[in-house]
1. Grab the other residues whose beta carbon is less than 13 angstrom from that of residue 462, score K and R as +1, D and E as -1, and report the net.
2. Express in % the proportion of alpha carbon pairs of region 1-58 at distances exceeding 17 Å.
3. Grab the other residues whose beta carbon is less than 11 angstrom from that of residue 275, score K and R as +1, D and E as -1, and report the net.
4. What are the ³J(HN,Hα) values, in whole Hz, obtained from phi via the Karplus relation 6.51 cos²θ - 1.76 cosθ + 1.60 with θ = phi - 60°, for each residue of region 482-496 in sequence order, with x given for Gly and Pro?
5. Compute the signed sum of charges (Lys and Arg +1, Asp and Glu -1) over the other residues within less than 12 Å, Cβ to Cβ, of residue 220.
6. At 4 °C and 1.567 mPa s, what whole-number value in µm²/s does Stokes-Einstein give for the translational diffusion of region 338-444, with Rh from the Kirkwood sum over Cα pairs?
7. Sort 331, 446, 250 from largest to smallest accessible area, using a 1.4 Å probe on the heavy atoms of the protein chains.
8. With θ set to phi - 60°, apply the Karplus curve 6.51 cos²θ - 1.76 cosθ + 1.60 along region 372-386 and write out the HN-Hα couplings as whole Hz, x wherever there is a Gly or Pro.
Amino acid sequence: MSVYYKSTRGNTKTVTASEAILTGLSPDGGLYVPIEIPQIDKPLSVLANMSYQELAYDIMSKFFTDFTEDELRKCIAKAYDTKFDTEAIAPVVKKDGAYYLELFHGATIAFKDMALSILPHLMVTSAGKNGVTRDIVILTATSGDTGKAAMAGFADVPGTKIIVFYPHGGVSNIQRLQMATQRGDNTYVVAINGNFDDAQTAVKKMFNDKEMQAELADKGFQFSSANSINVGRLVPQIVYYVYAYCQMLRAGEITEGDKINITVPTGNFGNILAAYYAKQMGLPVNKLICASNENKVLFDFFQTGEYDRKRDFILTSSPSMDILISSNLERLIYHICGNDSEKTAEFMKELSSDGKYCITDDMKAQLDDFYGGFATEEENFAGIKDLYEKTGYVIDTHTGIANAVYRAYVDKTKDTTPTVIASTASPFKFAVSVIGAIAPDKLSGRTDFELIDILSELSATPEPYAITDIRTAPVRHKTVVDVCDMAAEVKKILGV
Ligand SMILES: *Cc1c(COP(=O)(O)O)cnc(C)c1O
């Protein structure tokens, strides 16, 4: 079966997987969605015996049907190799009754590595398949983790350049250092005087700027996206939810066919959408628990059916979730309104003109798969501390949001379904906040790196290489621009 993709906002043209990966965003401003969701077609007990790489091939080949077996297997082999510090790639560990799916064993110690390790290979392969000869310029807005993971993936990949925009003052010091020290002659990092939504909106605008694209084309460049709007990010993220289920099956924690819950700390709605697709593919999933921080626009949406971004943007200790416009929600909206691109386009128009939209009762009825929750800073920190005191296991502040929301969900619903918690970052990446949660008396007067040493001691875990590297790596990127100057900066970088 061939799977084609179409835009959430246009009814006409369908594209292949490789075309969707190359362009990132559809020219009408919509996001590409698979026309049909392929089904898991082997018993889960068979999938449970596969390595991560084998399972990745099984799942991804169902979506990327215009890739040859050889092409896809090569991409997978290049992505999921010794860049990951464990052969399991994404291990599940059981602590205090919940199953933590550790997605932070890659090069930049955040879950973005799971997809961004493979995206560059998918993109270069897609360029070859479609006869693209221009250099691909990846434009990325980041709330902290995507930018670094994308650069790690694209650094020195021939035929590509990558430009990353991040909110000046809106990322953790470690995140900032990770980006500012990025190596590679084709990598560019620009801080902006604005927040993540400003960065994302400006990047989307450049994607839709036909004049700018023509100018770039003249100089031999074309844009693409490494943000989670790209299906080349979404599909690789489905793999680890199936893999988590398989690990629980293999460990005898569940029996074949048992349902699990999946809790995801959510920002742009990409990671949880992948879990939703896993469920649509036939993975036995009960509830998808969408965990937000104090920027609880999604919680309110699941409560009321109204998405309203008109509110204050709150800087929290889970910065990668400080988002008020969750781009990937558009894909869910499209599916729950019966794959109706006209309706979806109307909602998105309302969002951009009025800052909000309200879904119909019929659509709301289809959100039964989801449970929305949010946690405050205090609840997050208390949960991290509680888990640490009970088990010695330390989680980061993003995983902490999922943890707090899940524990409150169990208190409220008494649901005993085995639950996977997506662990989206290593605690070392957010050491200051994590120490603030588990041992606040140690904070005062200490630098980030001293706190990392303490974290290593308290958690009895060696420091990841990603941290060791930035202790000494020279800072290479220092540019800061205003939001209105982002396009000009791109042209300057490209010499256009
Ligand atoms: C990006 C990110 C998230 C949010 O994921 P989305 O796919 O944007 O919902 C959560 N935690 C961490 C650590 C992240 O980097």
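1. Summing Lys/Arg as +1 and Asp/Glu as -1 gives -4.
2. I get 50 percent for the Cα pairs in region 1-58 exceeding 17 Å.
3. Summing Lys and Arg as +1 and Asp and Glu as -1 gives +1.
4. 7, 4, 5, 9, 4, 5, 4, 5, 4, 4, 4, 4, 8, x, 9
5. 0
6. 78
7. Putting 331, 446, 250 in descending order of accessible area: 250, 446, 331.
8. x, x, 9, 10, 7, 4, 5, 5, 4, 4, 5, x, 4, 5, 4
The values are calculated or read from the model by the stated rules, or taken from the named source; none is laboratory data. Model, not experiment: these values are computed from the prediction. Backbone-built Cβ (ideal geometry, glycine too); neighbour counts: all protein chains shown. The protein model used for the area step is the full one, side chains on, heavy atoms only, and it has no ligands, DNA or RNA in it. Shrake-Rupley method; radii C 1.70, N 1.55, O 1.52, S 1.80 Å.
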